[in-house]
Amino acid sequence: MQTCDQDDDEVEIAVDNAAFMDEFFSQIEDIRNSIDKIDENVAEVKKLYSIILSAPTSDQKTQDDLEAITNDIKKMANNARNKLKTIERNLESEEQERVSADMRIRKSQHAVLSRKFVEVMTKYNEAQVDFRERSKGRIQRQLEITGKATTDDELEEMLESGNAAVFTAGIVDSGISKQALSEIEARHKDIVRLESSIKELHDMFVDIAMLVESQGEIVDNIEQNVSKSVDHITVAKEQTKKAVRYQTKARKKKIIIGESCAVDILVILILTNLTLQPTSVSSPCTQSCRPSAS
């Protein structure tokens, strides 16, 4: 009886733990989808950057599209970051309460997604920096055409002003064409908007980058962790199925035992009946011992 109670307790623990892990996997899937969507948006941002750089001045629709996608990236990145931080806090507080195998799965999944998030955001940051450098190069070339050559440091000082009027004040009287001036002002505005976006994402990016760096060996062996986590997930799901099946079997245990006993009794009765039946086989000497007719 004690064994049955112990088995039932183990089943309840297994089912509760399975439900907990299902919820965890759901969170992981949400984060993964957000990161994948950010990656897709980064690809779109790169296309829009190319469109902007290929034209003397970018049209308003392109700028609106770029702003919308940039806002989406910021929103999804903040959402993914917050969820990763929540999982990190839960891992620290529940490390002694959960099964070690489950903790390994959760740590591995968290490490994989944190690394993937940093990789995607690094790609985005690289695209922004590249766009800034190319925009700055376009400004520098336009200034050279007007005969106002500038060094990188001088150009950076002009860009840091953040004010288009101040930025162009020194070149308006240099005989520059309206088209060239318009392009310089447009590139300056692009850089100002870009730097605002970079600053907004900087703290979040550093936060997650430090988290990944602090994970040490888990990050150093990220490929192995991915492989192991897939195996653990498969095992965990299989254990969940077994736990549910076991719980169902536990409820039917008495019925199964009763049916088994009934079958055993029936078999014994049949065997006993066959043993007691008289044999009807004729004696082999029946005909040979019969007296012959004289």
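The values are calculated or read from the model by the stated rules, or taken from the named source; none is laboratory data. Since the model is a prediction, treat every value here as computed from it, not as a measurement. Cβ coordinates were reconstructed from backbone atoms using ideal geometry, including for glycine residues, and neighbour counts include every protein chain displayed.
Points worth noting:
- Looking only at region 46-66, and only at residues there that are surrounded by fewer than 18 Cβ atoms within 10 Å (Cβ to Cβ) and touching a residue at least 24 places away in the same chain (Cβ under 8 Å), the one that is farthest from Gln27 (Cα to Cα): Pro56
- Every test in (1) polar (S, T, N, Q); (2) in a helix (DSSP H, G or I); (3) under 30 Å from Ile184 (Cβ atoms) is passed by Thr57 save one, and that test is (2).
- Residue pairs whose Cβ atoms lie under 8 Å apart, sitting 6 or more positions apart in sequence or on different chains, and linking a residue in region 188-199 that is closer than 15 Å to Ile69 by Cβ to a partner that is of a type in the set (Gly, Ala, Ser) and part of a helix (DSSP H, G or I), are Asp190/Ser135; Leu194/Ser135.
- Taken over region 30-45, the criterion of being in contact (Cβ under 8 Å) with a residue 40 or more places away in the chain and crowded, with 16+ Cβ neighbours inside 10 Å is satisfied by Ile31, Arg32, Ser34, Ile35, Ile38, Asp39, Val42, Val45.
- Against the test of being part of a helix (DSSP H, G or I) and either at pLDDT below 90 or more than 26 Å from the chain's Cα centre (by Cα) (or both), the options Asp16, Asp36 yield a single qualifying residue, Asp16.
- Restricting attention to region 95-121, the residues being touching a residue at least 12 places away in the same chain (Cβ under 8 Å), closer than 19 Å to Asn82 by Cβ and not hydrophobic (A, V, I, L, M, F, W, C) number 7.
- Any chance Lys83 is out of contact with any Phe, Trp or Tyr (no Cβ under 9 Å at 6 or more places or on another chain) and closer than 30 Å to Ala19 by Cα: yes
- Being modelled with pLDDT under 90 and not in a helix (DSSP H, G or I) holds for only one residue in Arg89, Arg104, Arg98, and it is Arg98.
- Residue count for region 103-122, restricted to those that are surrounded by 16 or more Cβ atoms within 10 Å (Cβ to Cβ) and either over 17 Å from the mean Cα position of the chain (by Cα) or of a type in the set (S, T, N, Q) (or both): 3
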